[in-house]
């Protein structure tokens, strides 16, 4: 019985610690470190005080990062590079279109609430948007990291 409980504990720990990042399996995105802070009191981030008003932050991740307030105290952040095609010089970052990201090179559209595919030229797009963690550190500061 003791060995059974230890075995179950090890299995639970292994499953709980598994990596859920799709980046490891996505050949279209580079493995880059993202770790920055947003001050919501600054004018360029003012729209993040309101739901459904995304903000593009350049120079982070593969194609910049898009951050959006998705609820009362909830935020989402995604890499702005299209996860379903290799990076191209003419098409590094997607465009914000309301609460969606649109890739002008491939015609792919993604939902900023879920990160899922809304529409694409190919039948089955394999990868959703790559999501970053957003943690509120209080006093109107957000930490965005992977």
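The values are calculated or read from the model by the stated rules, or taken from the named source; none is laboratory data. Owing to the predicted nature of the structure, the values given are computational and were not obtained by experimental measurement. Cβ coordinates were reconstructed from backbone atoms using ideal geometry, including for glycine residues, and neighbour counts include every protein chain displayed.
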In region 102-146, the residues that are at pLDDT 90 or above, over 21 Å from residue 36 (Cα atoms) and in a strand (DSSP E or B): 102, 109, 110, 111, 117, 118
Options 29, 101; residue that is surrounded by 15 or more Cβ atoms within 10 Å (Cβ to Cβ), closer than 30 Å to residue 124 by Cβ and touching a helix residue (DSSP H, G or I) at 6+ places or on another chain (Cβ under 6 Å): 29
Residue match in region 80-91 (condition: in contact with a strand residue (DSSP E or B) (Cβ under 7 Å, 6 or more places away or on another chain), part of a strand (DSSP E or B), at pLDDT 95 or above and surrounded by 15 or more Cβ atoms within 10 Å (Cβ to Cβ)): no
Selection count, region 28-61, where residues are farther than 17 Å from residue 134 by Cα and touching a residue at least 24 places away in the same chain (Cβ under 8 Å): 3
